[in-house]
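Laboratory data are not the source of any read-out in this text; all were calculated from the coordinates shown. Computed from a predicted structure; not experimentally measured. Backbone-built Cβ (ideal geometry, glycine too); neighbour counts: all protein chains shown.
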Amino acid sequence: MNRMIRTTVLALALWPALALAQAQPAATPLPAWEQLTPAQRDALVAPLRERWNANPGERARMLERAQRWHGMPREQRDRARHGLQRWEHMTPEQRTEARALFHAMRGMDKEQRTAFLAQWQQKTPQQKAEWLKAHPAPVHGEKDRDDRD
């Protein structure tokens, strides 16, 4: 979940850059940062500036996430982007289910997660609904901040 939130924050910060890239014809290479006009630079940075100024208590986490993102290998960034795209296309019910499953599996090792997911796939929709009712994910925003990755 924490990685999903981080990816979401990063995607929001990069959204203006993607919008600018889509506005340019594909055959025209986009300029380097130094060649952007001040207005173009401001358009790219404004959403992050607003988020930074509106959330003083989150600034340390935002900075840490940005540093972590820059340290990620390209493949890991691609996986994060793919996960964000999947998240964006989920219904609210699917997101609730994903949060609950993530919360349940976050302390498991790889073998335990594999076994858990295999069992999950075998459950009927009714069994899944009962499990989700018995094992709800923490309410968004009420997670333990000490154990975030």
* Asked: Fewest to most neighbouring Cβ within 10 Å: what's the order for Val45, Val139?
  -> Val139, Val45
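Fewest Cβ neighbours within 10 Å first, please rank Thr91, Thr114 accordingly.
Values: Thr91 8, Thr114 12.
So the ranking, lowest neighbour count to highest, is Thr91, Thr114.
Just rank Trp52, Trp33, fewest to most, by other beta-carbon atoms within 10 angstrom.
Details: Trp52 15, Trp33 9.
If I rank by nearby Cβ atoms, fewest first, I get Trp33, Trp52.
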